[in-house]
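Student: Provided herewith is a single structure, encoded as structure tokens, for subsequent inquiry.
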Amino acid sequence: MNISYRWLKALAPTIEESAEEAARRLTYTAVPVDEVIWLGKELEELVVARVDKVTPHPKADRLVICQVDAGRSEPVQVVTGAPVVVEGGYYPFVGAGQTLPGGHLIKKVKLRGENSEGMLCSERELGVGRDLAGIMQLFGEFTPGQPLLEALELDDYRLDVDVTTNRPDLLGHWGVARELAPGGEADLRLEDFPGHKRADYAVDTASAEGEAAGVTVRIEDPDGCPRYMGAVIRGIRVAPSPAWLANRLLAIGQQPINNVVDATNLVLHELNQPLHAFDLTTLRGPAVVVRRAKAGEVLRTLDGKNRTLGPEMLVIADAEVSTAMAGLMGGEATEVTDRTRDLFIECAYFNPKRVRAAAKGLGLDTDASYRFQRGIDPEGLPRALRRVVELILTVAGGSIEGAAIDVNPIPAVPRTASLRAQRLSHLLGVSLDEQTIRRCLEPIGFVVRAAAAESFDVQIPSWRPDVEREVDLIEEVARRHGYGKFPDEMKKLRPTMLTEDGYVGVFHRLRELMVGLGFLEAKSSPFAPASEAEVRLLNPLSEREDHLRKDLLAGLVHRLEYNFARGQRNVRLFELGTVFETSHGPLPRESIRIAAVWTGLRMPSHWSDQGDDWDHWDLKSIVKAVSAAANPGAEVRPAQPAGEEAAGGFQDPLAVVTPDGQVQGWAGRIPADRSEAPRWAGTVWGLELEVLLRRIGPVVFRALPDYPAVERDLALIVGKGVHAAEVGAVIKDAAPEYMEHVAVFDVYEGENIPEAKRSIAWRLRFRSLDRTLTDEEVDAAMKRITSALEERLDVGIRGT
């Protein structure tokens, strides 16, 4: 959104700060300003020149020779290929030896044998408009040699404002001036135009159908158009706009067209109210009907395209056919041309959702639709209509006929919300008195009325559709008061009645774990191609990503490939996010998972040790740690699935299994055909498992033990078909409560060990918290353990 600083100061003379300071304050309190541009940059050398004579080039059909008066003692000859150059017309001129914006040096040249000593410029070459096809003709009274900056009033700054979707009131100069003016709304005024002509007319009202100077106005779809105003102007003359009007539009990058269209565009950018002018003689009836389009109805719009409409779209029609797309674009048949003498002026409010749907369906985006989609001020129509009528009368002549019409089937109801000082203090952390609250809200249009002790009823202005609730009012107070005025010290925590979501603690623990292991968190898109997903989107953003992902691993593998393509071998990534799978119900199944991929060296390489790659034991260690945080109580064990697909696509997989036998995830080597990994990449490891909700309890302090531990080693002969995890589970189950720790410390296969078996040595540590254990107690515990192992797994003690 381009904003002219000169225009802002014309609306709010109390703005005294510089353009840069105003931009900084607007960014700090409302919306970002991306750039502040001085329009006069690199235009100091350009002047206004008059073309006194135009003759055809003797050796080129497409070139003409112009004798130009640039305020010098002698005329300057310019050869140009511009489509139209008018004798007596004024144009921007840059002479030989001078530069255009961007640093392009103009040289004296010969074009097909004729000298050219300068250049007549286009809007785009000057950086003030978009027209590159022809040179820029200036309309008005000028003096040859007059500085272009002065002639075009380009001693101005353009603010490139990034207006967020929740602030449609800032899509016009009036709204931005309201934000910046010290007194807000009270400081604003609409300036008079040069030669301003007042319009003294009445406004008739109707609920469904009315009349303006013989033109019937009817709303057949009040949901799509809750309010429509119109007026008739006769006897106008379409011509180029006067210099002051053209300059105002050029300052914001708009290309002047003619006085009528420019008048509607000026009010659009001034008051944020889209308007449309119809050639009255082309309206059958004459009538203006706001209705739904007929199925298959075709309308040729102003851009010269035939558009097929649907019954959900809203059109403006006359007594027979559609003449414009409501809120989008006018029709070619009712366009204002040089022959137009009578106008019907439209000023309406259209349903934002309906305009948005129509714009998307037709692939049509205009300045008007951009504003209607976000919601304009329904109460601002009368002011905008009067403003454009008076502007047209001033620049195009004519007179308004009869009364204007205001058809308003759904009158806007003032919206209010309550504001409690206590709630404001609770959310902002500071107490603000009534005077401060009023100072923050009233200048920008809110009406504050005291309702009870430290409570207010606040009427919300019609131009702020984004404000609905008390918390929105508190946000307004905060930003207007100034975020920099709030204390930056930490306050004491005040617990609320709402408990923390159970996943918060789990996520925090998982992130701490993964970062501690050297992993970086990734955030990949939830959208995926059909080959990587199951749930199709009804309204996808792109054809390639038209599904919701069914896993996290595919996205992480793509990020891994991105690193491989840039020569990075040592990569560790993890992600926490949602995945979507088809289910038997009407909605897909959504679950939260954690996934990780890693490859390369376990430790950074060093001159003393080149380091080792990750191996399967590292995988098991990481999976067990992640499972303990994401699925407390789950067991990690080797799996022998029917195929890779059954194990999440992993090779040599490990399964994460809950106590009730449900598989919650898999881990293992990622097959070579699943990632585009170069040869030097090494083994790619991965895991993915579902995160189950487990509320994290408080951290409890426990003193160091006062009594010594007793350790015993247990060497077992185990069949190769028995997993160590199964042995460990039996040991834990048979051991007394004072067994503190159990772990494998040696595995041996070879001499004195049967071929189908192996020796696994375990270290068991026993400790009581209230006494010193005796050898008899530990011996009894070891006997129970060895008996259980022999009975359940046929595991014996080595050497017996």
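Student: Quick check: anything in segment 523-542 loosely packed, with under 14 Cβ neighbours inside 10 Å, in contact (Cβ under 8 Å) with a residue 40 or more places away in the chain and not assigned by TED's automatic domain parsing to the domain that holds H426?
Tutor: Checking segment 523-542: at least one residue is loosely packed, with under 14 Cβ neighbours inside 10 Å, in contact (Cβ under 8 Å) with a residue 40 or more places away in the chain and not assigned by TED's automatic domain parsing to the domain that holds H426.
Student: Quick one: which residue in L793, L764, L789 is in contact (Cβ under 8 Å) with a residue 40 or more places away in the chain and closer than 23 Å to K624 by Cα?
Tutor: Within the list L793, L764, L789, the selection yields L764.
Student: Condition test on A359, is it buried (at least 18 other Cβ atoms within 10 Å of the Cβ), in contact with a helix residue (DSSP H, G or I) (Cβ under 7 Å, 6 or more places away or on another chain), of a type in the set (G, A, S) and at pLDDT below 95?
Tutor: yes
Student: Right, something else. Looking at this structure, is A12 buried (at least 22 other Cβ atoms within 10 Å of the Cβ), of a type in the set (G, A, S), within 24 Å of R464 (Cβ to Cβ) and under 22 Å from the mean Cα position of the chain (by Cα)?
Tutor: In short, no.
Student: Still on this structure: Name every residue in segment 559-573 that is surrounded by 16 or more Cβ atoms within 10 Å (Cβ to Cβ) and of a type in the set (F, W, Y), in order of residue number.
Tutor: F564
Student: Which condition number in (1) within 60 Å of the chain's Cα centre (by Cα); (2) at pLDDT 85 or above is the one that I696 fails?
Tutor: Here I696 clears every test but (2).
Student: Is one or more of the residues making up segment 149-159 under 22 Å from R72 (Cα atoms), part of a loop (DSSP other than H, G, I, E, B) and not acidic (D, E)?
Tutor: Checked against the condition, which is being under 22 Å from R72 (Cα atoms), part of a loop (DSSP other than H, G, I, E, B) and not acidic (D, E), segment 149-159 yields at least one hit.
Student: Do you know which of the residues in segment 654-688 that are within 19 Å of E635 (Cα to Cα) and in contact (Cβ under 8 Å) with a residue 60 or more places away in the chain is surrounded by the most Cβ atoms within 10 Å (Cβ to Cβ)?
Tutor: L687
Student: What's the number of the only condition in (1) surrounded by fewer than 19 Cβ atoms within 10 Å (Cβ to Cβ); (2) basic (K, R); (3) touching a strand residue (DSSP E or B) at 6+ places or on another chain (Cβ under 6 Å) that R62 fails to meet?
Tutor: (3)
Student: Out of the residues in segment 725-746 meeting the condition of being outside any helix (DSSP H, G or I) and in contact with a Lys or Arg (Cβ under 7 Å, 6 or more places away or on another chain), tell me which one is farthest from Y707 (Cα to Cα).
Tutor: Here the answer is F745.
Student: State all residues of segment 225-253 that are within 20 Å of E191 (Cα to Cα) and outside any helix (DSSP H, G or I); if no residue qualifies, say none.
Tutor: S241, P242, A251, I252, listed by residue number.
Student: All but one of (1) at pLDDT 95 or above; (2) more than 30 Å from P242 (Cα to Cα) hold for L427; which doesn't?
Tutor: Here L427 clears every test but (1).
Student: Let me ask another. Considering every residue within segment 394-413, establish whether at least one is among the acidic types (D, E) and touching a residue at least 40 places away in the same chain (Cβ under 8 Å).
Tutor: Yes: one or more hits.
Student: Continuing with the same structure: It is to be established whether one or more residues within segment 602-613 are small (G, A, S), at pLDDT below 85 and closer than 26 Å to K523 by Cα.
Tutor: no
The values are calculated or read from the model by the stated rules, or taken from the named source; none is laboratory data. Keep in mind that what you see is a predicted model, and the values were worked out from it rather than measured. Quick reminder, even Gly has a Cβ in these numbers, built from the backbone with ideal geometry, and neighbours come from all protein chains shown.
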